[in-house]
1. For K240, give me every one of the lysines with a C-alpha distance below 19 angstrom, ignoring sequence neighbours fewer than eight places off in its own chain.
2. Could you run the Karplus curve 6.51 cos²θ - 1.76 cosθ + 1.60 with θ = phi - 60° over region 174-185 and give me ³J(HN,Hα) per residue in whole Hz, x for Gly and Pro?
3. Taking amide H atoms as placed 1.01 Å from N in the peptide plane, list the residues 5 or more away in sequence, or in a different chain, whose amide H sits under 5 Å from that of D106.
4. Can you list the residues, at least 5 places off or on another chain, whose amide H is less than 5 Å from the amide H of T59, using H built in the peptide plane?
5. Starting from region 182-255, pick out the GluC sites (Glu not before Pro) whose DSSP state is loop and whose Cβ has at most 16 other Cβ atoms within 10 Å.
6. Mind listing the long-range amide H neighbours of E249? Cut-off is under 5 Å, sequence gap 5 or more, other chains count too, H placed in the peptide plane at 1.01 Å from N.
7. Sort the chain into rounded, prolate or oblate with this rule: let a ≥ b ≥ c be the square roots of the eigenvalues of the Cα gyration tensor; rounded if a/c is under 1.5, and if a/c is not under 1.5, prolate when a/b is larger than b/c, oblate otherwise.
8. In the chain, which Cys residues have no partner Cys with a Cβ closer than 4.7 Å?
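Readers should treat all values here as calculations from the given coordinates under stated rules, not as data from a laboratory. Since the structure is predicted, the reported quantities are computational estimates derived from the model, not experimental observations. We place every Cβ from the backbone using ideal geometry, glycine too, and count neighbours over all the protein chains shown.
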Amino acid sequence: MLAEVSKNVFLHASQNRVLNKAAKKWGLKFGASQVVAGDTIESAIRKVNQLNQKGLVCTLDHLGEFVSSREEAIEATQYNVRTLEAMGKSGVNCNLSVKMTQLGLDIDPNFCMENMRRILETAKKYNNFVRIDMEDYAHCQITLDILKELRQIYGYDNVGTVIQAYLFRAEQDIKDLKGISLRLVKGAYQESPTVAYQEKKEIDNNYMRIIEEHLLSGSYTAIASHDHNIIEKVKEFAEKHHINRNQFEFQMLYGFRTDMQLSLAKEGYKMRVYVPFGNDWFGYFMRRMAERPQNVAFALKGFFSK
Ligand code: FDA
């Protein structure tokens, strides 16, 4: 009951435009620095360097919410281009994750496609890869359409996306996207029972189904989860079916289950840390708080240790 109330409070706060806007001026507060790697490209690259030295590879995500004008979308595109350039020049082992609503998807899909092409062109120059995060169900089909166009019409092979196991359509999408590098997740948004499984057990079962399908088809698979049960099952499955460790990787968020991240890397698995950064940190931070009530204690610890 209390967990449900606090979840709603955090979700509400994450969407509050006034708080999100104000937080940009505060700098990282309330322990957010434990899960957000600073507010500049330089601070993020420094953090990635430290993680690389511990045997972890990374993906950087420039945080951004509520982009509603072309100017903001162009600014976000330029920021992503600069981030790729900084990664390339510093030599860190890191790729890029982007949200297309930050790049103008809600303004005009063709404009968003142009912005994606600029980002992918820069990534190509530095031999790097870009992952399109999957947002809510309303953006799912258009995200997949743009991905296919970028790959098939424009010829970019350095781009992939995310499939969410809670969606009924996930299994068919996996079949359609055979051969493409995918990040597989359980799914983070609140979706209707008409399009998505609601029960944890059903989501977990579908998650394993799509992971197995993508691995068996020989496609590169990123398993992005903090769930130790899923991770153990994936390890066993890969072993049993002789799936080479260079065909898959595990991914977790920066600041979460750090011990497990390090031990997976020590066991010889590729472990990628999703590292968010930027001054638009508030919404991201609030959603992480909503996901797990234990994160509140975790953040407070960071708050008081400042
Ligand atoms: P889940 O939350 O189901 O937890 C299962 C169990 O794992 C818990 O009961 C607990 O025992 C353990 N556990 C989980 N977290 C823990 C912690 N912090 N400490 C200790 N134990 C813990 N979603 C989306 O819709 N689109 C996207 O593009 C992405 N991208 C993405 C990238 C990366 C790198 C990650 C890790 C996640 C995403 N997600 C996402 C989010 C994803 O869909 C999902 O909401 C969260 O990962 C939560 O689900 P989990 O599989 O981690 O475990």
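1. Partners found: K270.
2. 4, 5, 5, 9, 3, x, 9, 5, 10, 8, 10, 9
3. none
4. Placed amide hydrogens put N95, V273, Y274, V275 under 5 Å from T59.
5. Numbers: sites: E191, E199, E202, E212, E213, E232, E236, E239, E249; in loops: E191, E199.
For GluC sites (Glu not before Pro) across region 182-255 that sit outside H, G, I, E and B with at most 16 neighbouring Cβ atoms in 10 Å, the list reads E199.
6. Long-range HN contacts for E249: T221, A222, I223.
7. Working: a/c = 1.21, a/b = 1.08, b/c = 1.12.
Rounded shape, in that the Cα axes give a/c under 1.5.
8. If one checks each Cβ against the other cysteines of the chain, C112, C140 turn up with nothing under 4.7 Å.
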